[in-house]
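The values are calculated or read from the model by the stated rules, or taken from the named source; none is laboratory data. A quick note: this is a predicted structure, and the numbers were derived from the prediction, not measured. Counting neighbours? That spans all protein chains shown, and the Cβs are built from the backbone with ideal geometry, glycine included. SASA here: full protein model, heavy atoms, side chains in, ligands and nucleic acids out. Shrake-Rupley method; radii C 1.70, N 1.55, O 1.52, S 1.80 Å.
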2 protein chains.
Amino acid sequence: MTAQLDQVFAALADPTRRRILAMLLEDDMAVTDVADPFEMSLAAISKHLGVLTAAGLISQEKRGRVKWCKLEPDALRGASVWMQGFGQMDAIDLDAFEVFLEHQLK
Amino acid sequence: MTAQLDQVFAALADPTRRRILAMLLEDDMAVTDVADPFEMSLAAISKHLGVLTAAGLISQEKRGRVKWCKLEPDALRGASVWMQGFGQMDAIDLDAFEVFLEHQLK
DNA sequence: CGTATATTCAACCAAATGGTTGACGTTTCG
DNA sequence: CGAAACGTCAACCATTTGGTTGAATATACG
């Protein structure tokens with residue numbers, strides 16, 4: 001449980017990986033296509049995808065010779081709930097509430 | 001901005017540091033008292049506190065010979081908002097909403 | 001003043017991280 | 001079949017991380 005949080009937060013601590021997650025928010029993608037906009041080797045991106053998969057933040061499914069990457073936003077829930085616990089110190093976390101509402105009403 | 005997220009998430013990725021934050025949720029504490037429940041050197045805890053301070057998650061103020069550590073929950077907001085962006089894929093984030101409500105009604 | 005308390009600093013160490021390159025297995029396509 | 005595309009693996013490297021210990025600094029106390 002705590003190890004799961006370790007992995008999720010550690011995965012999110014890298015800007016390349018956050019960018020990948022944002023890309024996958026748009027649509028599922030093949031590994032090669034994920035790597036395309038980055039100025040680093042395919043192997044490096046493959047490793048980043050491994051980290052994201054280990055954290056449960058994405059899943060990967062191989063169809064034919066291409067491996068599809070898919071966002072798994074549920075993995076963020078544990079981390080999100082943990083963080084919200086600290087909101088108790090705030091008078092009112094208006095920003096978070098606003099975002100929450102927007103997303104519920106959509 | 002992205003570097004700020006890097007630091008916050010990296011700081012949260014360590015269970016010792018998360019435990020420290022949870023302790024500070026109760027009350028402000030001196031460095032020595034923070035270190036007390038941990039089975040590691042004071043110097044190690046001091047380093048962890050340095051990481052948390054650099055990330056903006058806590059602040060430290062020296063009064064006399066003791067340095068007080070104080071939670072700065074606002075630093076979590078940027079990270080929280082970033083994460084909530086992925087909630088748009090969720091049906092409903094009930095857990096988070098419940099925590100939010102509890103904290104507002106307190 | 002001298003000593004104890006609170007905290008950091010510096011040097012060191014092992015392990016993890018983020019990247020590279022080159023070789024390798026699979027699957028598809030002509 | 002042979003070649004190209006997709007992706008991973010293995011070895012390597014530099015840097016960062018999380019911990020240690022021992023000395024150093026600053027403040028308080030008797």
Taking θ as phi - 60°, what are the ³J(HN,Hα) couplings along segment B:47-60 by the Karplus curve (6.51, -1.76, 1.60), each to the nearest whole Hz, with x for Gly and Pro? 5, 4, 5, x, 4, 5, 5, 4, 7, x, 6, 9, 10, 10
Placed amide H near B:I58: partners under 5 Å, 5+ positions off or other chain: B:T53, B:E72
Give, as a single signed number, the net charge of other residues whose beta carbon lies under 12 Å from the beta carbon of A:Q60, with Lys and Arg counted +1 and Asp and Glu -1. +1
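If DNA, RNA and ligands are ignored and the probe is 1.4 Å, what is the ranking of A:S46, A:S59 by accessible area, most exposed first? Present the calculation step by step, with values, prior to reporting the outcome.
On the way: A:S46 60, A:S59 40 Å².
From most accessible down to least: A:S46, A:S59.
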Pairwise label distance in nanometres, A:A30 with B:K62, each label 7 Å out on the Cα-Cβ vector: 5.9 nm
For B:A54, inter-copy label distances in nm, listed shortest first [label point 7 Å out on the Cα-Cβ vector]: 2.2
Once phi for every residue in segment B:63-72 is put through the Karplus expression 6.51 cos²θ - 1.76 cosθ + 1.60 (θ = phi - 60°), the whole-Hz ³J(HN,Hα) values, with Gly and Pro written as x, are 10, x, 9, 10, 9, 8, 10, 9, 5, 10
Peptide A:70-78, shielding by other chains (average Cβ, 10 Å cutoff): 4
Can you list the distances in nanometres, one decimal and ascending, from the A:A30 label point to the identical position in each other copy, with the point 7 Å along Cα to Cβ? 6.4
For B:L24, A:L5, what's the largest-to-smallest order of accessible area, 1.4 Å probe? A:L5, B:L24
Sort all Cα-Cα distances of segment B:2-77 into consecutive 5 angstrom bins from zero, then give the percent of pairs in each bin up to the one containing the longest distance. 3, 17, 31, 26, 15, 6, 1, 0
Once all protein chains are kept in place, A:W68 shows an accessible area at probe 1.4 Å, nearest 10 Å², of 80 Å²
